[in-house]
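The values are calculated or read from the model by the stated rules, or taken from the named source; none is laboratory data. On a predicted model such as this, the values are computed, not experimentally measured, just so you know. All Cβ positions, even for glycine, are placed from backbone atoms using ideal geometry, and neighbour counts span all protein chains on display. These area figures cover heavy atoms from the full protein model, side chains too; ligands, DNA and RNA do not enter into them. Shrake-Rupley method; radii C 1.70, N 1.55, O 1.52, S 1.80 Å.
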Amino acid sequence: MEIVNSVTRLKVTHIFLISIFFTNFYWFNIGAESPKELFKGFKATPDSHISNFQPLLTDSTGNYSLSFLRVEKDQLTLSIIHVPSSESIWVANLTRLARWADSTELFFNGSLVLSDSRLGVFWSTHTNGHRVWLSNTSNLQVQKVDSGMRLSSVLWQSFDFPSDTLVENQNFTSKMTLVSSNGLYSMSLGFDFFGLYAKFKNESGPGPGRIYWKHKALEAKADVIEGQGPIYAVLKSDGFFGMYQNESVPVDVESFNSFQQPVSGVRRIRVEPDGNLKGYFWAGSSWILDYQAIKETCELPNPCGIYGLCRPGKGCSCLDNSTDYNSGKCVSPENQDSGDFCGVYDHKKYKGFSRNGVELPNKELMTYQKMASFQECQSTCEGNCTCWGVVYTNTSGFCYILDYPIQSLVGVGDETKMGFFKVREGVGKDKVEVGLGIGIGLLCGAILVFGGVIGLGLYRYRKRKRGVSGYVEEDGMVVGPYKEMGNASFRSIELSER
């Protein structure tokens, strides 16, 4: 009987302990959930134990989260994450990446601010709001509310500052730009089109860069009327990217594969790091590719790297036949820097080479001059320090002059399509020669110093040795050691006294 009671008490104790565990576990998880809104006084710092992203604020559905996103192990950016896929769909435009460290802090004092106690402010909304809220469409807002906690106005929203992605029903205006995550490619609107642009390394100046893909409005249902305001674009839930000048009828419909077909999840469109524009929809466990602006790999702006040659269906090689593409680089790194062959780059310090069977992937968007021969086209470039190369079509006589670092070209079977290209040689070579000269000079100097130290040491050693037991012949007289000199001196005095 006592045994039965003991067992009973043991079971009750186990049940009690288990209930406490699950209760605490439940409240721990509830406490660990991110808030649905932020008020003045909110502060957050990075958690060193988190390896990917740290949620700070979530929408009502739990699909989106404002988070610290870890970048390159010890840095972070402020991002909106699509939680089911862990994909970033918006990134704050920081002055530079913040550190994943205790000194980095996100706080809300009317403005949402990311700062470092040592390095200063990285980013701010520059507002005087009452709360921060994330909508179930991923739009982050700083809001001003009245005394009854009713929405008064939106002071700032992330939809006005897209990074590389547009989501469903988000307006894209002529004042906005989508920029790829690597910063090389962008999308923006023109008067009656939207286009993709490239900027080269270290290139500065106004404007989006050089256009390499363009989609003009077909104006099938409505015309773009000058003076009626700029166009804007919207990714619609029906599966198309539409351009509008007013809210009624689109001036163009760029349809996706799932056009007018219901899909299970949200849609998004993104400028990719390779320069393509792609559309996707969420299928519950993965993003399904639904649209791509550039369908052929060789039509991308730089699929094989600088001075590369892309052959459809055959892969990549180098424009210069003497260079092996398997090395990973067709030319030295300074050839990807923007600029020209003038000034600091002596325009005579380059190697020029020609190649047949090449053409530009986006020649229909480039200007050209008509010339009688390839030789005339080439000569125009050789004497011009702002020219990086030319591509010539013999049948049309079109000479395309390239005033920017050579990107990938397309290989074709038509040998009458020819190119001439410059490669910077002097810059890298001079740097190597200067570095080698400095290195040799330092080595020789070190040898001389080392030799001097050894010589001085030997001299001192011999001098000390001579001071004990050696003789030095000076002015024809023999001088002995210090002690013997003393004895000899005393003897000489004694002899003189005698």
Fill in: Portion, in percent, of the accessible area of segment 148-235 that falls on carbon or sulfur, probe 1.4 Å
52
Discussion item. To the nearest 20 Debye, how big is the dipole of segment 299-424 about its Cα centre, given +1 on the beta carbon of each Lys and Arg and -1 on that of each Asp and Glu?
Written reply: 180
Worksheet entry | Under 5 Å, built H, 5+ apart or other chain: amide partners of TRP388 | LEU402, ASP403, TYR404
Response to the item:
Probe 1.4 Å, heavy atoms of protein chains only: per residue, the accessible area of segment 36-161 in Å² is 49
Discussion item. Among the listed pairs LYS144/LYS236; LYS175/LYS370; LYS43/LYS144; LYS214/LYS417; LYS314/LYS417; LYS40/LYS236, which have their C-alpha atoms separated by more than 26 angstrom in this model?
Written reply: LYS144/LYS236; LYS175/LYS370; LYS40/LYS236
Worksheet item: Mean shadow of segment 36-161, computed from the convex hull of its alpha carbons, in nm²?
Response: 7.5
Worksheet item: Carbon-plus-sulfur fraction of the accessible area of segment 299-424, 1.4 Å probe, in percent?
Response: 47
Practice prompt. For segment 299-424, report the accessible area per residue in Å² (1.4 Å probe, heavy atoms, rounded to an integer).
Written response: 46
Discussion item. Just to be sure I understand the model, the point goes 7 Å from the Cα along the line to the Cβ. What's the resulting GLN75 to ASP403 distance in nm?
Written reply: 3.3
Practice prompt. Let me know the Kirkwood hydrodynamic radius for segment 175-289, please, with Cα pairs as the basis and the value in Å to one decimal.
Written response: 15.4
Discussion item. Under 8 Å for C-alpha pairs, at least 6 residues apart: give me the relative contact order for segment 32-120, rounded to a whole percent.
Written reply: 27
